[in-house]
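One structure is given below, encoded as C-alpha cells.
The values are calculated or read from the model by the stated rules, or taken from the named source; none is laboratory data. These numbers were taken from a predicted model, which means no experiment stands behind them. Note that we place each Cβ from the backbone using ideal geometry, even for glycine, and neighbour counts take in every protein chain shown. Each accessible area value is taken on the protein alone, full model and side chains, heavy atoms only, with ligands, DNA and RNA left out. Shrake-Rupley method; radii C 1.70, N 1.55, O 1.52, S 1.80 Å.
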Amino acid sequence: MVEPKLLHVPILEWYENNARELPWRAKDSTPWGVLVSEIMLQQTPVSRVLPVWLEWMERWPTPKALAAEPPGEAVRHWGRLGYPRRALRLHACARAITQDHAGEVPSDHATLLALPGIGEYTAAAVASFAYGGRHPVLDTNVRRVFARAVRAEEYPPTATSAAERRLAEALLPELAAARWGVAVMELGALVCTARSPRCADCPIAGACAWRLAGKPPHAGPARKGQTYAGTDRQCRGRLLAVLRAAQGPVPKTALDAVWDEPVQRERALDGLVADGLAEHLDDGTYRLPHA
C-alpha cells in the first residue's frame, strides 16, 4: 500500500488552497446544519442542495424548530432535491434529538447511529465534521479516490466493502482526521471525478496507483446511468409536486391530471402513501403527512 504520508500532506495542502466555501463548513455552522447538509447531499449535487439548505436553516435553525412542525412541511420544503423520504428521515431525526437529547445533536458516533434514518456514513460525517471526531468517512467520492490512488481500480465496488473500511481506517491520520475526510471528499468531487478525472490537477498524481498502472479500465459490469423520464420516480415527483403546492387536501382529479398512464399513476400514488409521504383521507382527498 502507498505510504499514507504521501497522500496526507499533498491532499491537505491542496484542500487548504482549493476548498469551496460552503456554509455548512463555516466556523459558525452548527452540528444541526452539518447533519442537514449531509442528508441533503446524499446522491444530490451541491448546486441543488445549497439554496434548499439555506432556506431550511433560516426556517428551522434547530432540531426543535423542525420537530414542532408536521412532517409534511419537511416534505413541502424539500423542493426538488429528489428522494423525498430523506425529508421524513430528517424530521424523525429532529424529533428524536429534541425528545431524547435535549435538542442537541449528539457528538458520539454510536449515539448518532441510533438516530432514525442515520447510517454509518452520516454518523461518521457528523461526528467528524461537526465535532472533530476521528472516524473514516466513506462517501462515493472518497471511495473513488481510494480505489484509484491505492488499489489501481477505476471505480470502487458497488457496495462499500470490508476491505474499503479497513483501508480507510489505515489511511486515517492521527491528527486532522476530520479535515482529512473532507479534503479527500472534495478532491473526489472536484478533481478525481467519475467520468473525467483531471489527473493533471491532482496533488497525488505522482503516487496514484491507477495512473501509474496506465489507468486500466473498470473490469466489472458496465456502469449504467440512471434513467428518469417516464419512470415511477418521475410520476411520484409529479404527484408530490401537486401536494407540496397545495395548502390543504387535494382532490384525486388534481393528481390524475398530471400523469396520463393510470396504472402507473395509481401504483405511484399508493407508493407515496405507503412511504408516509402522502395521506389518503376518508373523503377521498390526499395531503402531505400531518402525524
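Spin-label point model (7 Å from Cα, Cβ direction): what's the Val9 to Val46 distance in nm?
2.6 nm
How long is segment 106-223 along each principal axis, judged by its Cα atoms, biggest number first, in Å?
45, 31, 22
With an 8 Å cut-off on Cα pairs and a minimum separation of 6 or more residues, tell me the relative contact order of segment 1-105 in percent.
Over segment 1-105, the number comes to 24 percent.
Compute the long axis of helix 232-245 from its Cα atoms, compare it with the longest principal axis of the Cα atoms of the chain, and write down the angle in degrees, 0 to 90, nearest 10.
Orientation of helix 232-245: about 60 degrees from the principal axis.
Expressed as a whole percentage, what fraction of the accessible surface of segment 1-47 belongs to carbon and sulfur atoms when a 1.4 Å probe is rolled over the protein heavy atoms?
Result for segment 1-47: 52 percent of the exposed heavy-atom area is carbon or sulfur.
Over all directions, average the projected area of the Cα convex hull of segment 133-291 and note it in nm².
13.8 nm²
Given R₀ = 25 Å, what would the calculated FRET efficiency be for Ala19 paired with Glu55, taking r from the Cβ atoms and rounding to 0.05?
0.60
Which shape class applies to segment 57-123: rounded if a/c is under 1.5, otherwise prolate when a/b exceeds b/c and oblate if not, where a ≥ b ≥ c are the square roots of the Cα gyration tensor eigenvalues?
Oblate is the answer for segment 57-123, as a/c is 1.5 or above yet b/c matches or exceeds a/b.
What is the angle, in °, between the Cα long axis of helix 85-100 and the longest principal axis of the Cα atoms in the chain? Nearest 10 is fine, range 0 to 90.
Computed tilt is about 90 degrees.
Would you please report the Å³ per residue occupied by the convex hull of the alpha carbon atoms in segment 172-224?
119 Å³
Using the Kirkwood radius over C-alpha pairs as Rh, can you work out the diffusion coefficient of the chain via Stokes-Einstein at 25 °C, viscosity 0.890 mPa s, in µm² per second?
After rounding, the answer is 118 µm²/s.
Comparing Ala149, Ala94, Ala176, which has the greatest mean-square fluctuation in the GNM of the chain with Cα pairs linked when under 10 Å apart?
Looking only at Ala149, Ala94, Ala176, the largest GNM fluctuation is found for Ala176.
Taking R0 as 51 Å, what's the FRET efficiency between Leu175 and Lys252 from their Cβ-Cβ distance, rounded to 0.05?
0.30
Round to the nearest 10 and give me the degree value, 0 to 90, for the angle of helix 46-59's Cα axis relative to the longest principal axis of the chain.
Helix 46-59 sits at roughly 60 degrees to that axis.
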